Each structure stands twice: as C-alpha cells, then as structure tokens.
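Peer 1: Starting off with a structure, shown below.
The values are calculated or read from the model by the stated rules, or taken from the named source; none is laboratory data. As the structure is a computational prediction, the values presented were derived from the model and not from experiment. So basically every Cβ, Gly included, is an ideal-geometry build from the backbone, and we count neighbours across all protein chains shown.
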Amino acid sequence: MADSNTRERLAPGFSGKFAQDDARQERGVPEKPLQMGSGWRASHISEADWRVEIPAEALREFEIIAGALAEYDEPLDELNPDGFDWPATTDLMADVRSRLNDGLGFVLLDRMPVETWTDPANRAVTWLLNTMIAPPIMQKWNGHRVYDVKDTGAKLEYGVRRSVTNLSQEVHTDGSFLAMTPDFFSLTCIRQAEAGGTSLISSLVSAHNDLLENHPEHLARLYEPFWWDRQAEHDPAEQRANWLPVFTRDGNTLSARYYDDYIRKGYGLMNDEIDAAGLAALEAMREAVESPQNQIEFRLQPGQMICAQNMQIAHGRTGFRDPSVKTEGGRLLLRYWLRKEGGIALDGVPEKLPAMAD
Ligand SMILES: [Fe+2]
C-alpha cells in the first residue's frame with residue numbers, strides 16, 4: 001500500500017493527515033445525527049407502521065406448503081424457497097426486506113395459523129420465509145440454525161443463555177459477541193406464556209443520535225472496543241472474549257451491537273477492568289436505549305413473527321410465568337439469525353472445502 005509520501009507525490013495536497021480526517025468523517029463519530037429509517041421515535045410511529053397483515057392469497061400459499069411438509073423430516077437446509085410456486089408470498093417477503101433495509105428496520109408479520117400446523121410444518125414454513133430475507137446461520141458454534149427460545153428450567157450460569165430461562169432479558173443485540181454479528185433476527189411465536197413475556201423493541205440509531213447530542217464524549221468511547229463474553233460458543237482452546245466496539249459506521253449507515261451484560265462479563269473472563277470512560281459510556285448508553293422515546297413494547301401472539309435489522313434495532317423481553325410448561329409445553333418462540341455475507345458458521349468464516357484426495 002502507498003505510504004503518505006507516495007500519496008503526496010501521486011496526488012499533491014493529499015497529506016496523510018487529510019486522509020485520516022476523511023476516514024474519521026466516514027467511520028468515526030459523525031458530526032450530525034444519522035438520518036436512517038430505523039432511527040425512529042416511539043411517539044412518531046404507530047402499530048400500523050410496523051404490523052404487516054399477511055394477505056389472504058399468501059396465507060393460502062402457506063397452507064399448501066404447510067400441508068405438503070406436515071411430516072417433513074429431512075434437513076431444513078434442503079428446502080429452498082425457489083422450489084415453490086408462491087407469487088403472493090414472494091411479493092410479501094420483498095416488502096418485508098424493503099421495510100427492514102429502508103423502513104423502520106422491523107416488521108411484525110401477522111399471522112400464521114401455527115396452532116393448526118404440525119411442528120415440522122411450523123419449522124419448514126418459517127425456515128422458507130426467513131431464507132427469503134437472508135441465509136439462516138448457525139446460532140451455536142456446533143450447529144442449530146433454528147433455535148427454540150423456551151424455558152428449559154436451566155439455571156443461569158456461565159455458558160447458559162437467558163433465552164433458555166423464563167427470566168427477563170435486557171434490551172440487546174443478538175450475537176453481539178460475534179465479529180460478524182447477524183444482520184437480521186426473527187422470532188415466531190408458537191405458544192405464548194400464561195403471563196409476561198412482553199417484547200421490547202428499541203432503536204439503537206436513535207440512542208446513538210441522542211448520545212451525539214447529549215454526551216458526545218461517551219459516544220466516542222462506544223466507537224472504541226470492549227471485551228465481549230463469547231457465551232462459550234467457540235472451541236474451548238480459543239479466547240473466551242472478543243474485542244469489539246459497540247458502534248461502527250460506514251458513511252451514513254450505522255451498525256451497532258449492544259449487550260451491557262456480555263461486556264461486563266467479558267471483562268470478568270479476561271481478568272480485566274472496564275476503564276472509567278467505558279463504564280460511564282455504558283451507563284449513558286443504557287439510559288439512551290431504555291428511553292421511552294426510543295422504545296416500544298407489545299406482546300407477540302401465536303403465529304406472529306417479528307423480524308428486525310439486528311444491528312440497528314435491539315430487542316428484549318420481560319420475564320414470564322408459565323404454569324402450563326408441564327402440560328401444554330409453555331412459551332415457545334422459533335428464532336432465526338440471518339446474515340447476508342459470510343458462511344453459515346456462527347463466526348461467519350466460510351466453511352473449509354474438504355481436502356482433495358491425491
Ligand atoms: Fe435476543
């Protein structure tokens with residue numbers, strides 16, 4: 001790569017400092033708030049803006065597929081949406097993609113008759129719909145491209161995610177500990193809890209813009225790296241934490257990963273202490289993310305699917321109570337993580353090709 005002296009010779013007036021300033025303008029703390037569709041304010045949007053009713057024609061197509069796949073027991077990745085003739089569904093999912101990429105950054109699809117479909121059909125239909133957004137990736141380092149969010153009775157400890165308990169989950173980004181954090185997540189409600197389990201959705205873009213206005217010094221720290229607990233989702237020989245920033249920016253496009261708990265645990269795993277500026281920045285971030293202006297809440301009903309831009313829209317839930325766990329099975333959501341680039345492995349590293357025989 002050309003050094004700054006070479007660049008100066010090739011393009012007089014192009015000094016190294018100038019190049020650094022350019023990079024800062026494109027990548028660091030912006031000078032002005034970022035104008036993105038996902039930078040909404042709660043008081044400016046209503047349910048009609050984010051709830052999409054599934055058209056009757058698309059529902060008829062779903063029913064045909066769900067019937068055909070009622071006893072499907074092959075690997076889900078052998079199902080390709082291009083293998084089906086469903087024009088209304090194709091149009092519906094094109095609308096969903098554009099709302100995720102250019103709209104508010106989240107959509108509630110309302111609703112599929114999941115209670116009348118078999119478990120394999122629920123998994124197959126949601127797999128196909130999600131694949132129409134972007135490829136589903138593994139959610140554990142050793143597999144699982146469809147992840148059941150349910151109370152397993154597990155006790156919260158190292159390597160146990162809150163998603164398998166009935167505890168509340170603070171607002172967060174899924175897979176935030178990954179260098180290649182998923183671009184989108186979706187959750188389809190198969191069964192709701194008897195009480196609680198309210199979903200929270202929060203704009204990380206608006207939180208970012210609030211920090212720019214009120215606490216620019218804290219925002220600058222959030223563009224610098226922190227340690228992140230990798231949730232034991234890696235080869236045991238590898239380091240247990242990743243070193244990543246909360247915010248990254250490419251021009252006017254913001255990407256964010258946020259999970260306060262994973263950062264604090266990451267420092268613990270590395271026997272390190274968060275710097276004072278980092279602690280203050282995390283406090284300011286929490287306040288901005290949890291501001292009522294930047295957050296909405298609703299309760300997912302069976303058959304509804306929420307999907308969102310994972311690196312612009314954070315999500316959480318309240319704790320839930322579920323006496324029906326032993327009889328009906330209790331609250332169950334099917335979760336997908338979708339990523340536009342990279343391999344399907346959790347960390348996004350393209351899979352190695354099998355060794356060629358001599
Ligand atoms: Fe989550």
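Peer 1: Would you mind finding the one in Asp235, Asp210 that is buried (at least 19 other Cβ atoms within 10 Å of the Cβ), farther than 30 Å from Glu115 by Cβ, over 14 Å from the mean Cα position of the chain (by Cα) and away from the ligand (no atom under 16 Å from the Cβ)?
Peer 2: Asp210
Peer 1: In addition: Tally time: how many residues in segment 319-341 are away from the ligand (no atom under 16 Å from the Cβ) and either of a type in the set (S, T, N, Q) or modelled with pLDDT under 90 (or both)?
Peer 2: Count: 10.
Peer 1: Name every residue in segment 248-266 that is crowded, with 19+ Cβ neighbours inside 10 Å and not in a strand (DSSP E or B), in order of residue number.
Peer 2: Arg257, Tyr258, Tyr259, Tyr262, Ile263, Lys265, Gly266 - these are the residues of segment 248-266 that are crowded, with 19+ Cβ neighbours inside 10 Å and not in a strand (DSSP E or B).
Peer 1: Given the structure, is Gly278 surrounded by 15 or more Cβ atoms within 10 Å (Cβ to Cβ) and away from the ligand (no atom under 16 Å from the Cβ)?
Peer 2: yes
Peer 1: Can you find a residue in segment 182-196 that is touching a residue at least 12 places away in the same chain (Cβ under 8 Å), under 20 Å from Phe320 (Cα atoms), crowded, with 19+ Cβ neighbours inside 10 Å and among the acidic types (Asp, Glu)?
Peer 2: No - not one qualifying residue is present in segment 182-196.
Peer 1: May I ask you to verify whether Arg162 is closer than 28 Å to Leu300 by Cβ, more than 19 Å from the chain's Cα centre (by Cα) and surrounded by fewer than 20 Cβ atoms within 10 Å (Cβ to Cβ)?
Peer 2: Criteria not met by Arg162.
Peer 1: Filter the helices (runs of 4 or more DSSP H) completely within segment 28-127 down to those with at least 2 residues that are polar (S, T, N, Q). So that I can check it myself, show each step before the final result.
Peer 2: Numbers: elements: 47-50, 56-68, 87-102.
Output list reads 87-102.
Peer 1: What is the number of the single condition among (1) within 30 Å of Leu92 (Cα to Cα); (2) within 16 Å of the ligand (Cβ to nearest atom); (3) at pLDDT 95 or above that Asp260 does not meet?
Peer 2: Just one mismatch for Asp260, condition (1).
Peer 1: For segment 216-224, state whether one or more residues are of a type outside the set (D, E, K, R), within 16 Å of the ligand (Cβ to nearest atom), in contact (Cβ under 8 Å) with a residue 24 or more places away in the chain and not in a helix (DSSP H, G or I).
Peer 2: No, every residue in segment 216-224 fails to be of a type outside the set (D, E, K, R), within 16 Å of the ligand (Cβ to nearest atom), in contact (Cβ under 8 Å) with a residue 24 or more places away in the chain and not in a helix (DSSP H, G or I).
Residue-wise test of (1) out of contact with any Phe, Trp or Tyr (no Cβ under 8 Å at 6 or more places or on another chain); (2) surrounded by 13 or more Cβ atoms within 10 Å (Cβ to Cβ); (3) not hydroxyl-bearing (Ser, Thr, Tyr).
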position	(1), (2), (3)
Ile65	no, yes, yes
Leu69	yes, yes, yes
Ala88	yes, yes, yes
Leu100	no, yes, yes
Met112	no, yes, yes
Thr116	yes, no, no
Ala121	no, yes, yes
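Peer 1: Specify which of the listed residues (Ala232, Ala237, Ala277) is farther than 26 Å from Asp102 by Cβ, among the aliphatic types (A, V, I, L, M) and touching a helix residue (DSSP H, G or I) at 6+ places or on another chain (Cβ under 9 Å). Write out each step before concluding.
Peer 2: Values: Ala232 fails: touching a helix residue (DSSP H, G or I) at 6+ places or on another chain (Cβ under 9 Å); Ala237 fails: touching a helix residue (DSSP H, G or I) at 6+ places or on another chain (Cβ under 9 Å).
That would be Ala277, the only listed residue that is farther than 26 Å from Asp102 by Cβ, among the aliphatic types (A, V, I, L, M) and touching a helix residue (DSSP H, G or I) at 6+ places or on another chain (Cβ under 9 Å).
Peer 1: Just to be sure before I move on: is Gln312 more than 13 Å from the ligand (Cβ to nearest atom), crowded, with 16+ Cβ neighbours inside 10 Å and under 23 Å from Asp110 (Cα atoms) in the structure I sent?
Peer 2: Details: more than 13 Å from the ligand (Cβ to nearest atom): yes; crowded, with 16+ Cβ neighbours inside 10 Å: yes; under 23 Å from Asp110 (Cα atoms): yes.
Yes.
Peer 1: Would you pick out the residues in segment 144-201 that are touching a strand residue (DSSP E or B) at 6+ places or on another chain (Cβ under 7 Å), acidic (Asp, Glu) and away from the ligand (no atom under 12 Å from the Cβ)?
Peer 2: Scanning segment 144-201 gives Asp148, Asp183, Glu194.
Peer 1: Additional query: For the list (1) away from the ligand (no atom under 15 Å from the Cβ); (2) among the β-branched types (Val, Ile, Thr); (3) surrounded by fewer than 17 Cβ atoms within 10 Å (Cβ to Cβ), I need the number of the one condition that Thr126 fails.
Peer 2: (3)
Peer 1: Restricting the search to segment 129-144, which residues are crowded, with 21+ Cβ neighbours inside 10 Å and more than 14 Å from the chain's Cα centre (by Cα)?
Peer 2: Once the filter is applied, which keeps residues that are crowded, with 21+ Cβ neighbours inside 10 Å and more than 14 Å from the chain's Cα centre (by Cα), segment 129-144 yields only Leu129.
Peer 1: Out of everything in segment 139-189 that is in a strand (DSSP E or B) and touching a helix residue (DSSP H, G or I) at 6+ places or on another chain (Cβ under 7 Å), what residue ends up being nearest to Asn294 (Cα to Cα)?
Peer 2: Ranking the candidates gives Val171 first.
Peer 1: Within segment 317-340, does at least one residue satisfy the condition of being of a type in the set (Ser, Thr, Tyr) and assigned to a strand (DSSP E or B)?
Peer 2: Within segment 317-340 (the criterion being of a type in the set (Ser, Thr, Tyr) and assigned to a strand (DSSP E or B)), the answer is yes, since at least one residue qualifies.
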